[in-house]
Amino acid sequence: MHDAQIALVKFIVAHSPVAAMMRTAWGWPIAESLHFFGLCLLIGMIGAFDLRLLGIGKRIPIAAMHRCIPWGIAGFIINVSTGSLFLLTEPDQYIYNPSFHFKLLFLAIAGLNAGTFYVTSYRHVCGKDVCYEAPRRAKVIAAVSLCAWMAVITCGRLLTFYRPAPCTGHETTVLLVCEP
């Protein structure tokens, strides 16, 4: 483990504004449910748009399908909010976890990929002319998007199966001891 990771975990444990609330009987289950709801919105809307760019549902204009994207963004905001609650409650289970590192990497890839779409393809597929066929670059972006989001989901799921080793302590203890 890197000294910066250990220092970050100790800082979060000492200053977490939400840990007490999240450790109540309903705190974590409510946040987890909201996280899955956000995931449904995010992947449902972004995934449907990506599939449309790839040619599924060709009778639907791409611009019409793009109107669902704000719902996907709402899901992303819900997921970032609830994910932050998890991180601030059990920082050692995330900051030391390679699955979390990969999840952040794939989130960054998905974000850069979305930015690439808006810089290179958005005006063509969602312009004033009705577009039913996406250009090749938009299809590649859509395929990368689907793969990145599937990787984010996979890494998120793997978080619970990989518990970083050298951390010891009780779940209700405020300060965990981690050996470098």
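Packing-based ranking of 7-18, 80-91, 38-49 yields 38-49, 80-91, 7-18, ordered from highest to lowest mean Cβ neighbour count within 10 Å. Directionally averaged projected area (region 3-86, Cα convex hull): 7.4 nm². Packing around the peptides 107-120, 133-146, taken as the average count of other Cβ atoms within 10 Å per residue, puts them in this order, highest first: 133-146, 107-120. Here residue 160 and residue 118 are evaluated by their C-beta separation; at R0 = 35 Å the FRET efficiency comes out at 0.55. Per residue of the chain, the DSSP helices (runs of n ≥ 4 H) give a summed -39500 (n - 2.57) that works out to -22000 deg cm²/dmol at 222 nm.
In plain terms, the residue of 6, 62, 69 with the fewest other Cβ atoms within 10 Å comes first and the most crowded comes last, giving 69, 6, 62. Label-to-label distance for residue 40 and residue 139 is 3.3 nm, based on points extended 7 Å past Cα in the beta-carbon direction. Restricting attention to the chain, the count of lysine pairs at 8 or more positions apart or across chains with alpha carbons under 25 Å apart stands at 5.
Placing one equal scatterer on every Cα of the chain and applying the Debye formula, the log10 ratio I(q)/I(0) at q = 0.10, 0.14 Å⁻¹ is -0.49, -0.80. Counting every other Cβ atom within 10 Å of each residue's Cβ, 35, 124 order from fewest to most as 124, 35.
Throughout, read-outs are computed from the coordinates displayed, never taken from laboratory work. Computed from a prediction, not measured in an experiment: that's the story for all the values here. Quick reminder, even Gly has a Cβ in these numbers, built from the backbone with ideal geometry, and neighbours come from all protein chains shown.
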